[in-house]
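Throughout, read-outs are computed from the coordinates displayed, never taken from laboratory work. Everything numeric here is computed off the predicted structure, so don't read it as measured data. Using ideal geometry, Cβ is built from the backbone for each residue, glycine included, and neighbour counts are taken over all protein chains shown.
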Amino acid sequence: MNALILTLLAAFLLQAAPVARKTHIYLLQDSPHQQWCSFADRKAWQAWLNDEKNYSLANAIVDLVDGGISVIKLQQESESQDSAIIDTYFLSGDKVQRLSRRMNVLPGDTTETQIFLIQDGKPKLQSTVIRRLSNGAPLKRSQSMMPQTEIITSLNGFPFASLLDAEHVKELQAKKQLCLPAKP
């Protein structure tokens with residue numbers, strides 16, 4: 001009897017945990033047409049970005065776990081293309097919980113990484129590391145020399161938020177590409 005109970009208990013404990021289903025949505029800002037476009041396929045998104053006739057200063061990858069948004073990686077370049085900001089937002093529900101921001105400036109050979117916690121809709125800087133972009137060597141500065149840009153604290157704050165609602169995500173799965181006007 002004890003052997004049977006132990007066998008059943010062992011079988012229960014050894015069952016594979018449910019595997020989370022991870023998918024992605026790929027987005028880009030179609031600057032000339034003042035719209036954001038989403039792609040279900042990474043290759044189609046990359047082909048659009050690599051096509052010389054297209055123009056985009058911002059793009060993003062959204063990670064969905066079991067249909068819910070967990071991470072948004074947003075990259076924005078300056079018009080001169082000599083600096084970039086790469087933001088990685090970590091979400092719970094429709095709220096941003098944490099932001100890891102990396103700012104790269106080519107002319108100053110500088111990269112700065114900042115970590116923010118988002119509490120009550122407000123960003124709180126936790127750490128800053130400044131390094132040489134070319135070799136990663138630490139730099140000492142009393143304060144940031146990087147441009148200050150908006151920190152998004154909720155899902156609705158993203159310029160492409162409408163492309164992430166359930167209706168448009170379902171439409172994207174059917175069409176493979178979907179574009180909507182950019183927020184004013």
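By the beta-carbon count within 10 Å of each Cβ, the least crowded to most crowded order of Glu112, Glu77, fewest first, is Glu77, Glu112. Would you look at the GNM of the chain, springs on alpha carbons closer than 10 Å, and say which of Asn59, Asn156, Asn135 moves the most? Residue with maximal mean-square fluctuation among Asn59, Asn156, Asn135: Asn135. Length gained on full extension, Glu171 to Ser70: 34.3 nm, using 0.36 nm per residue less the C-alpha separation. With the simple spin-label model, which puts each label point 7 Å out from Cα in the Cβ direction, the Thr23 to Ser134 separation comes to 4.6 nm.
Starting from the Cα of Lys140, draw a straight line to each of the aspartates and glutamates and keep only those under 12 Å, dropping any in the same chain fewer than 8 residues away. By straight Cα distance, Lys140 reaches Glu112. Rounded to the nearest 500, the 222 nm mean residue ellipticity of the chain from helices alone is -5000 deg cm²/dmol, with -39,500 (n - 2.57) taken per DSSP H run of at least 4 residues.
Using a Gaussian network model of the chain in which every pair of alpha carbons under 10 angstrom is joined by a spring, one finds that among Ala84, Ala60, Ala44 the greatest mean-square fluctuation is at Ala44. Computed from backbone phi, the HN-Hα couplings of the range 39-47 come to 10, 7, 10, 4, 5, 5, 4, 5, 4 Hz, rounded to whole numbers (Karplus: 6.51 cos²θ - 1.76 cosθ + 1.60, θ = phi - 60°; Gly and Pro given as x). In this structure, the pairs whose alpha-carbon distance is over 19 Å, taken from Lys43/Lys175; Lys95/Lys170; Lys73/Lys95; Lys122/Lys183; Lys22/Lys122, are Lys95/Lys170; Lys122/Lys183; Lys22/Lys122. Taking the chain as a Gaussian network of alpha-carbon nodes connected by springs under 10 Å, the highest mean-square fluctuation of the residues Ser78, Ser134, Ser154 belongs to Ser134.
Can you tell me the relative contact order of the range 24-181? Whole percent, Cα pairs under 8 Å, sequence separation 6 or more. It rounds to 19 percent for the range 24-181.
A cut-off of 5 Å between modelled amide H atoms, ignoring neighbours fewer than 5 places along the same chain, links Asp30 with Gln35, Trp36, Cys37.
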